[in-house]
Amino acid sequence: LPDLNQTDGLVQVAIYGEDQLKFQAWYDRFLMAEMKGGEHELQNLNHLTSGRTSIVSIPVEQKIDLLTDDFAVLQVNYSILPDLQVGDGEIQVVVANADLAKVEHWYRMYQEQCLSEG
């Protein structure tokens, strides 16, 4: 089908009625293959999750490598937003809603680590 909005990164297709279940199964497999965790471009993350994302503020401005390494191990799908207040100690991360529980668990572990280090 013609692309009505070339900047949205989406492709419009027409699916024959009898093939809708087959297409849905294929599309679900495609999304799961793409959602294996890691950093994504914000637009790609929004497309992969159909906009089901949340913005989380995390106090790791000086330790972004720690966050990216841990999120890769946990297979968290995320995008780091530009830091609008450099020096405040926090970064803002867009996280797929499906991965919010992983991020909450990671943050609790990070807090415990910070407390034990003093």
- Task: Quote the convex hull volume per residue of the range 17-117, based on C-alpha atoms, as a whole number of Å³.
- Result: 96
- Which value does Rg/Rh take for the range 21-75 over its C-alpha atoms, Rh per Kirkwood? 1.07
- The local net charge around E104, scoring Lys/Arg +1 and Asp/Glu -1 for residues other than E104 whose Cβ lies under 15 Å from its Cβ, equals -1
- Note on the structure: Among GluC sites (Glu not before Pro) in the range 20-84, those in a DSSP loop whose Cβ has at most 11 other Cβ atoms within 10 Å are E41
- Message: Output wanted: per-residue J couplings in Hz (rounded whole) for the range 75-90, from phi through Karplus 6.51 cos²θ - 1.76 cosθ + 1.60, θ = phi - 60°, x for Gly and Pro.
- Response: 6, 7, 8, 8, 9, 8, 7, x, 7, 7, 10, 4, x, 7, x, 10
- P(r) for the range 42-101: what percent of alpha-carbon pairs falls in each 5 Å bin, starting at zero? 4, 20, 29, 25, 15, 7, 1
- Query: Taking 1 over the mean of 1/r across every pair of different Cα atoms in the range 1-49, what Kirkwood radius in Å do you get?
  - Reply: 12.6
- Message: For the chain, what does the helix formula give at 222 nm: sum of -39500 (n - 2.57) over DSSP H segments with n ≥ 4, over the residue count, nearest 500 deg cm²/dmol?
- Response: -13500 deg cm²/dmol
- Among L81, L31, L21, which one moves the most in a GNM of the chain with springs linking Cα atoms closer than 10 Å? L21
- Taking +1 at the Cβ of each Lys and Arg and -1 at the Cβ of each Asp and Glu, which of L74, G51, Q92 sits farthest along the dipole of the range 17-117 towards its positive end, judged by Cα position relative to the Cα centre? G51
- Karplus 3J(HN,Hα) series, Hz, for the range 98-110 with 6.51 cos²θ - 1.76 cosθ + 1.60 (x for Gly, Pro): 5, 9, 4, 4, 5, 5, 4, 4, 4, 5, 4, 5, 5
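Since every read-out is calculated from the coordinates, none of them should be taken as a lab result. Values in this document were obtained by computation on a predicted structure and should not be read as measured data. Note: ideal-geometry Cβ built from the backbone for every residue, glycine included; neighbour counts use all protein chains shown.
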